[in-house]
1. Kindly indicate whether B:Ile107 is away from every other protein chain (no Cβ under 11 Å), surrounded by fewer than 21 Cβ atoms within 10 Å (Cβ to Cβ) and among the β-branched types (Val, Ile, Thr).
2. Can you find a residue in the stretch C:241-253 that is surrounded by fewer than 19 Cβ atoms within 10 Å (Cβ to Cβ) and facing chain B (nearest Cβ under 10 Å)?
3. Quick one: B:Ile270 ticks every box in (1) among the hydrophobic types (A, V, I, L, M, F, W, C); (2) touching a residue at least 12 places away in the same chain (Cβ under 8 Å); (3) not in a loop (DSSP other than H, G, I, E, B) bar one, so which box is it?
4. Looking only at the stretch A:200-222, which residues are out of contact with any Lys or Arg (no Cβ under 6 Å at 6 or more places or on another chain) and not hydrophobic (A, V, I, L, M, F, W, C)?
5. Given the residues C:Thr216, C:Thr227, which is the only one that is within 30 Å of B:Ala245 (Cβ to Cβ), in contact with a Lys or Arg (Cβ under 9 Å, 6 or more places away or on another chain) and crowded, with 18+ Cβ neighbours inside 10 Å?
6. Could you give every pair whose Cβ atoms fall below 7 Å, whose first residue belongs to the stretch B:213-238 and is facing chain C (nearest Cβ under 10 Å), and whose second residue is part of a helix (DSSP H, G or I) and surrounded by fewer than 16 Cβ atoms within 10 Å (Cβ to Cβ), counting only separations of at least 6 or pairs across chains?
7. Determine the pairs where a residue that is over 19 Å from B:Gly197 (Cβ atoms), located within the stretch B:158-185, has a partner that is β-branched (Val, Ile, Thr) and assigned to a loop (DSSP other than H, G, I, E, B) with Cβ atoms under 8 Å apart, the partner being 6 or more residues away or on another chain.
8. Going by the structure shown, is C:Ser163 small (Gly, Ala, Ser) and under 24 Å from C:Pro58 (Cα atoms)?
Amino acid sequence: MEGSPKILARDFRFYYGQHCALKGIDLEIRRNQLLTIMGPSGSGKTTFLRSLNRLNDLIPGTRMEGSLEIDGVDIYSHGVDVAELRRRVGMVFALPVALPMSIFDNVAYGPRKRGILNKQKLQDIVEKALRDAILWDEVKDRLCDHAGRLSGGQQQRLSIARVLAVEPEIILLDEPTSGLDPLSTLKIEDLLWELVRSYTVVLVTHNPLQSARVGGDIAFFLMGELVETGPSSEIFTRPKDKRTEDYVSGKFG
Amino acid sequence: MKQERAKGPDQHVVNRRMTAVFAGAAMMTVGVLIFIVVYILNRGLHIVTPSFLSEAPRQMGRAGGIYPAIVGSILVTGIAVLIAAPVGVATAIYLTEYTREDRLPRIVRFGTESLAGIPSIIFGLFGFLFFVIYLDLGWSVLSGALTLSAMILPTIVRTSEEAIRAVPNAYREISYALGSTRWQTVTGVVLPTALPGIVTGVVLAVGRSIGETAVVIFTAGTSLRLPKSLLDPVRTLPVHFYILAREGISLDNAYGTAAVLIILVLVINITAYSVVNRFAARSR
Amino acid sequence: MRYAVRYKEAIIEKALVVIALSAIAVLGLIILFVFKEGSPVMARVGVIRFISGTKWAPSRGVFGILPMILGSVWVTLGALAIGVPLGLACAIFLAEMAPARVSSILKPSVELLAGIPSVVYGFIGLVVLVPFIRRWLGGPGFSVLAAAIVLGIMVLPTIISISFDAFKAVPAAYREGMLALGATKWQAIRMVILPAARPGIIAAVILGLGRAIGETMAVIMVAGNSTKIPSSALAPVRTLTSNIALEMGYATGEHREALLATGMVLFVVIALLNVAARLFAGGGRVSR
């Protein structure tokens, strides 16, 4: 299975009403790859990310064309279980948001909805998820506290723990550090490399500096198109496309 | 900050006068409220003794207490809310969380908004024709409660809808993104978050139905006996009060009944607002 | 397992649709029953004669509801003459002038006013207002005026809360712009906020109107309920709603049908008002 891509987009287009937000994306993401989708706002990167777990379905008046495969199965084909797809493709949103309940209940939310109600089992899942999100030591004594009391950075790691608790295969992160201070940002960025050992990770950011810091592979989106992809070292030192060069050198965006 | 001004009255003086006028209007409105409450309690509170609350009326209410009317009010209002609350909340959930295409929700909304504008006497007529006569439920707890539930349905739909719409969309997205279905999202995050607002709406509906007279008098009847089943007629507090006052049976007992009603309504409304405030304080 | 979940979801959605349709179903039933029972007598007497007849004598089979129509009109207009200025002034004070702490106490009080049962309003009118009018203004006391005052107070919460929302919906930039130009608060209100909030104010008035026309028990207790066309503001009067409530208890046969026909007229008036409110409010949400 090493050779087959985890995610494969072929001429993927996406429309909000008449507006074409993605103009034919061809992109391959390997298993356990850390891919950063980089681009200015309005480039379609978030739209692409939200297409990967069909979260855009919730927005009325949207439609797609082309194909988007995960493990060789077109996720937009008829009969796909969307809830199960979203379980497999976890999503961390731009702003850290805790559900209005306790820390424990936040992490246990997903597993409970999957029918796991055994207390001991839930406790194990929650502990493991919090450990993997490097939050356990900070919250282990106050799991019953309202999650809204956590700091922004902690809430964002809580969001990651919440996703990990449903045992996804892919983790999508949409500008996960945009609302955080530099220190919390670094913690999240370090965490990405822990995650990629077990998961396929797709990060979206508008910040070239963050793409450079995180490393891994980069896909550069601009105005609904995929301009180029490559390892971050190449994108930043030998970009093939003039537009990429302009962006990473700070000429726009 | 003095500056040159065009001729005419000093605008700051005008402003002060208008502010006084408007403040006066507001004071008057609140004054009316205070007057009504104080007037009724002042004349009625001493009538309200434990035996007044726990005894059956004698001589058509000239003497004795109001126990059956309390039972009647609790039964009719309680059942009305038990029917209207689930239907109203479900309607609100449908309107906020399940609608994609436009036609059906528009029909639903038209229905609830039209119901909201219908005078209670028309509900009374309808309840009498439909539940009492057509469905042959007679003047009964059930007829009264069913008619009342139709009347308070729009209130519950509207307040629940507002409460549900106020739930941050981020919560829904998080829930969906974790692989929850629509209904799991509704029960998992939407309803728990909206609950204080929904409860407030329901409590306000209780307050509204407990004082309702025109609907109940034609559907639940005016019997002073304790009901043995939901198909027995009852007299509610406002109906009892209305009959005592209008037929001049006993002004004292009328005041006493009114005092009980006023206290109930005040307690219910204040509870409703404090629920909202407590949760508003807790979530932020 | 997953199929079971999907099946359950589909069933829940269908159930919600069915439940959501219950409001429109009730509306349909109301129209059906009131019109079915009321229209025969309407047809026999003739719509025009029923509406324009000045004599209501059920025992002799004479059904004309013009006195009640006029009664409703006078009482309602009187109520608005009292309730609209007072309510608007109160809403302006709460929305634009009062310090936050003051309005946070006053606003709930206004809503409490809405919670007081209509029979209590009627009763206060009966024991306070009616004797007052009899003593100082003459007449029996039970009168158009008494009903108008009681209703004027009862429509206050409706008018205040809807126009309050309308004022609050005026963008802050409008008033800040005016104040920045050196205008006083009242100037800002008069020149910018009132005009901007006009659709909401009209909706508030129309809904208050609907509330006043529809009110029954309070009016019965203070209006005197004479079936004659009132000759002055101090004369007793009977409204459409009172006509139904007063006689429904014992009416049978044609008499009962005539009361239902009265209900039909009331229903049509309310429906027209709602349409008007919708038009004036520009399709905004107007129910309350």
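1. Numbers: away from every other protein chain (no Cβ under 11 Å): no; surrounded by fewer than 21 Cβ atoms within 10 Å (Cβ to Cβ): yes; among the β-branched types (Val, Ile, Thr): yes.
No.
2. yes
3. Tallying (1) among the hydrophobic types (A, V, I, L, M, F, W, C); (2) touching a residue at least 12 places away in the same chain (Cβ under 8 Å); (3) not in a loop (DSSP other than H, G, I, E, B), B:Ile270 fails exactly one: (2).
4. Those that are out of contact with any Lys or Arg (no Cβ under 6 Å at 6 or more places or on another chain) and not hydrophobic (A, V, I, L, M, F, W, C): A:Thr205, A:His206, A:Asn207, A:Pro208, A:Gln210, A:Ser211, A:Arg213, A:Gly215, A:Gly216, A:Asp217.
5. Working: C:Thr216 fails: in contact with a Lys or Arg (Cβ under 9 Å, 6 or more places away or on another chain).
After ruling out the rest, the residue left standing is C:Thr227.
6. Going by the 7 Å Cβ cut-off, there are no qualifying pairs.
7. Every condition considered, the pairs that remain are B:Ile174/A:Val97; B:Leu178/A:Val166; B:Gly179/A:Val166.
8. Numbers: small (Gly, Ala, Ser): yes; under 24 Å from C:Pro58 (Cα atoms): no.
Criteria not met by C:Ser163.
The values are calculated or read from the model by the stated rules, or taken from the named source; none is laboratory data. Computed from a predicted structure; not experimentally measured. Quick reminder, even Gly has a Cβ in these numbers, built from the backbone with ideal geometry, and neighbours come from all protein chains shown.
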